[in-house]
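Notes for the one structure printed next.
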Amino acid sequence: MKLGQFETEALEGKHGEGLALAARIIVNLGEFFNAPRTIRIESAHISGVSVKTGGKALERVLEKFIKGGARTRIPAFLNPAGFDMTRFREMEVEEEFFERQMAIIEKFKKLGVIPALTCTPYQNGLIPKKGDMLAWSESSAVSFANSYIGARTNREGGLSALAAAMLGRIPYYGLLVSENRKPNLRVTISKDLGGGLSPREELFMIGLIIGKKYASSIPYITGVAPTGPESYKGFGAAMAATGNISLYHIEGNTPEWEWARNCLDGFQGGNIPELRINSAHVEKMINRSIPEKMPSLMVTGCPHSSVEEMVEIDRKLKKKIQNTRLWIFTSGQTRNLCERMGLVDSLKEKGVEVFSDTCMVVSQLEKFNFDLVATNSGKALHYLPRMGNVATAFMPMSRMLVCAQEGKL
Ligand code: F3S
């Protein structure tokens, strides 16, 4: 891989041992993917922050960077941690878990990383433009940046995103290159899917189906009505969770769709697979996961909830919830704003708790021994049973709110 003067100097240790380590990580990554060169990036987003996901190896590497005097040189945000920074006592966090988590965050801070502790940086001030090159590692954020914004990022590991933030560059490979952003799957969504879901929640189910059937694909999707960022956020998260999909195009909707359709029209290499999704697929997916009894906990905010989503929940809740709990996960920044708006208090009066800086998957939710957790998120539905060891069911938000107010299914 061809290196510029700064990268060469960094590799030779002329800018300190920490940056030399970052340069080695980036060079190894580039050589593994046969990248011809590196490219300047605008921002980084670093996952693997929670004690539950990061591990001791991460802590050791962070220490090496600190000893070597490394610092980030572009904005770099952190993904959620293992607990709410202000409400950790209510989350019954174990002491050792607490100490280790705080130490990890302190280390990131020493390296210049911004402890935003959110998986939705684009809702919290780190907003890329179309065409920006990035090194982001949280799968739902990667999908959103690539597909909804039209920025370019591979799904980096936490470590390569951190090293890239220090060097300000990433190897030019994968989804950074136009050629690799061409669709390789046609998806047609039938009209009238039924199932009683809102258009947004229908999309979450469709995301799970596409990811399960065609993992690692780049789908070109027709039949989706224009919709807003909240819908794309959960749609991409579901596809990324079940199928590791980092980019999709939606006809008439996402920023690269016309280019993507031209690529499909001009495709000459045999047949492109086609997936038709109808009401039977969606119904099957819903039936596999709906709860048979009243969930003891209902969770939303995977990916982290926006102000708009919380306003909607508050507006729809006409009375106090009963016979269950309802928790919303969001960023600290969004919660602060909602506190100023009086929204957090209003939700609390109705029995709803707002937690920030963490989420249902990377916190120690299993410690509460909930017998059944319901979520309206395709991604949480996929990960909660695996990482949280909790029985999990899918419930559309509208149904959650009705059941929570009635206190029964
Ligand atoms: Fe975010 Fe946690 Fe879901 S990091 S995307 S809320 S699993």
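Listing for the model above:
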item: Counted residues, the range 358-371 - those being in contact with a Pro (Cβ under 9 Å, 6 or more places away or on another chain) and either among the small types (Gly, Ala, Ser) or buried (at least 17 other Cβ atoms within 10 Å of the Cβ) (or both); result: 6
item: Qualifying residue in the range 49-63 (condition: surrounded by fewer than 23 Cβ atoms within 10 Å (Cβ to Cβ) and either assigned to a loop (DSSP other than H, G, I, E, B) or hydroxyl-bearing (Ser, Thr, Tyr) (or both)); result: yes
item: The range 127-143: number of residues that are within 17 Å of the chain's Cα centre (by Cα) and open to solvent by 10 Å² or more (accessible area, probe 1.4 Å); result: 3
item: Spans of helices (runs of 4 or more DSSP H) in the range 287-369 with at least 1 residues under 14 Å from residue 404 (Cα atoms) and either modelled with pLDDT of 95 or more or within 16 Å of the ligand (Cβ to nearest atom) (or both); result: 307-316, 343-349
item: Residue among 231, 216, 190 that is in contact with a helix residue (DSSP H, G or I) (Cβ under 8 Å, 6 or more places away or on another chain), within 16 Å of the ligand (Cβ to nearest atom) and either open to solvent by 10 Å² or more (accessible area, probe 1.4 Å) or modelled with pLDDT under 95 (or both); result: 231
item: Yes/no for residue 175 being in a loop (DSSP other than H, G, I, E, B), aliphatic (A, V, I, L, M) and within 29 Å of residue 37 (Cα to Cα); result: no
item: Breaking point among (1) within 14 Å of the ligand (Cβ to nearest atom); (2) touching a Pro at 6+ places or on another chain (Cβ under 8 Å), for residue 236; result: (2)
item: Selection count where residues are in contact with a Cys (Cβ under 6 Å, 6 or more places away or on another chain) and surrounded by fewer than 22 Cβ atoms within 10 Å (Cβ to Cβ), scope the range 372-409; result: 1
item: Qualifying residue in the range 264-271 (condition: of a type in the set (D, E, K, R) and surrounded by 15 or more Cβ atoms within 10 Å (Cβ to Cβ)); result: no
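Yes/no matrix, rows are residues, columns are (1) open to solvent by less than 30 Å² (accessible area, probe 1.4 Å); (2) free of Cβ contacts under 8 Å to residues at least 60 places away in the same chain:
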residue	(1), (2)
251	no, yes
257	no, yes
261	no, yes
273	no, no
277	yes, no
281	no, no
284	no, yes
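A quick yes/no check of all residues on (1) over 30 Å from residue 297 (Cβ atoms); (2) in contact with a strand residue (DSSP E or B) (Cβ under 8 Å, 6 or more places away or on another chain):
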{"site": "1", "(1), (2)": "yes, yes"}
{"site": "5", "(1), (2)": "yes, no"}
{"site": "19", "(1), (2)": "yes, no"}
{"site": "38", "(1), (2)": "yes, yes"}
{"site": "52", "(1), (2)": "no, no"}
{"site": "69", "(1), (2)": "yes, no"}
{"site": "88", "(1), (2)": "no, no"}
{"site": "108", "(1), (2)": "no, yes"}
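The values are calculated or read from the model by the stated rules, or taken from the named source; none is laboratory data. Keep in mind that this is a model prediction, so the values were computed, not measured. Here Cβ is always computed from backbone atoms with ideal geometry, including for glycine, and neighbour counts include all displayed protein chains. SASA here: full protein model, heavy atoms, side chains in, ligands and nucleic acids out. Shrake-Rupley method; radii C 1.70, N 1.55, O 1.52, S 1.80 Å.
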